[in-house]
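A short write-up of the structure that comes next.
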Amino acid sequence: MNTYTTSFDGALLKRGFWLYVCRIAYGRRSVLYVGRTGDSSSAHASSPFTRIGQHLGENTRNNSLTSQLKKAKLIRERCRFEMVAAGPLFPEQKPERHKSVRDKVGALEWALADHLKDAGHTVIGNHPSPARCNQKMLKQICRLVDSKLGALKRGR
């Protein structure tokens, strides 16, 4: 029998449109997964805490991170996960506004994944986006994520 610990900021429980990056370490190998809340399968935007639980669950409709880990031949129970979340970028919207805000966040998700790839990270997952993103918001998000990823890398 083993014991494990975790800690998180309660702000991660806030619903809305967020971007997040998971660093997944598997032995000496490290990959990133970029995601967002407020996806296409619902007219609601959950918290990053809720979303990461869905990602790692058994429900095949919601567990895209688990699917990507399998494709990368990484066993999730042997991985170490660290998450950086930025947001909420937008509050949760009424159903008629959800899609337009979701698409804005989707464009930022794609651009953030692209930024991380350009910085030399291995990013797993699919991040298609036909939309243009808010460059000012993207720069702010990239700065925040880069500083947090650097802190995680140094073990802070």
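The values are calculated or read from the model by the stated rules, or taken from the named source; none is laboratory data. Everything quoted here is computed from the prediction, not taken from an experiment. Methodologically, a virtual Cβ is constructed for each residue, glycine included, from the backbone with ideal geometry; neighbour enumeration extends over all protein chains shown.
Listed here are the residues, each with its yes/no results for (1) of a type in the set (D, E, K, R); (2) farther than 20 Å from Val123 by Cβ; (3) in contact with a helix residue (DSSP H, G or I) (Cβ under 8 Å, 6 or more places away or on another chain).
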{"residue": "Ser30", "(1), (2), (3)": "no, no, no"}
{"residue": "Tyr33", "(1), (2), (3)": "no, no, yes"}
{"residue": "Ala72", "(1), (2), (3)": "no, no, no"}
{"residue": "Glu77", "(1), (2), (3)": "yes, yes, no"}
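Suppose we filter Leu32, Leu69 for residues that are of a type outside the set (Lys, Arg), in a strand (DSSP E or B) and crowded, with 20+ Cβ neighbours inside 10 Å; which single one remains?
Values: Leu69 fails: in a strand (DSSP E or B).
Only one candidate passes the filter, namely Leu32.
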Do we find that Trp18 is under 28 Å from Ala131 (Cα atoms), of a type in the set (Phe, Trp, Tyr), touching a Gly at 6+ places or on another chain (Cβ under 8 Å) and surrounded by 15 or more Cβ atoms within 10 Å (Cβ to Cβ) in this structure? yes
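In region 51-66, how many residues are modelled with pLDDT under 70 and surrounded by 13 or more Cβ atoms within 10 Å (Cβ to Cβ)? Write out each step before concluding.
Within region 51-66, the first condition is being modelled with pLDDT under 70, and the residues that meet it are 59-62.
Retained after the next criterion (residues that are surrounded by 13 or more Cβ atoms within 10 Å (Cβ to Cβ)): 62.
Qualifying residue count, region 51-66: 1.
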Looking at (1) hydroxyl-bearing (Ser, Thr, Tyr); (2) surrounded by fewer than 19 Cβ atoms within 10 Å (Cβ to Cβ); (3) free of Cβ contacts under 8 Å to residues at least 60 places away in the same chain, which one does Ser46 not meet, given that it meets all the others? (2)
Does Leu19 fit the bill of being among the hydrophobic types (A, V, I, L, M, F, W, C), within 24 Å of Leu149 (Cα to Cα), at pLDDT 90 or above and over 15 Å from the mean Cα position of the chain (by Cα)? no
Please list, ordered by first then second residue, the pairs with beta carbon atoms under 8 Å, 6 or more apart or interchain, first in region 109-135 and basic (Lys, Arg), second outside any helix (DSSP H, G or I) and buried (at least 16 other Cβ atoms within 10 Å of the Cβ). Lys117/Val123
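So if I check each of Leu74, Leu112, which one is surrounded by 13 or more Cβ atoms within 10 Å (Cβ to Cβ), of a type outside the set (Ser, Thr, Tyr) and in a loop (DSSP other than H, G, I, E, B)?
After ruling out the rest, the residue left standing is Leu74.
When region 115-148 is examined, which residues are found to be assigned to a helix (DSSP H, G or I) and in contact with a strand residue (DSSP E or B) (Cβ under 6 Å, 6 or more places away or on another chain)? Spell out how you get there, then give the answer.
Initial filter on region 115-148 (assigned to a helix (DSSP H, G or I)): 115-118, 135-148.
Of everything in region 115-148, those that are assigned to a helix (DSSP H, G or I) and in contact with a strand residue (DSSP E or B) (Cβ under 6 Å, 6 or more places away or on another chain) turn out to be Leu116, Lys117, Ile141, Leu144, Val145, Lys148.
Within region 78-99, how many residues turn out to be assigned to a helix (DSSP H, G or I) and at pLDDT 90 or above?
Step one: list which residues in region 78-99 are assigned to a helix (DSSP H, G or I), which gives 78, 95-99.
Now narrow it down to the ones that are at pLDDT 90 or above: 78.
Result for region 78-99: 1.
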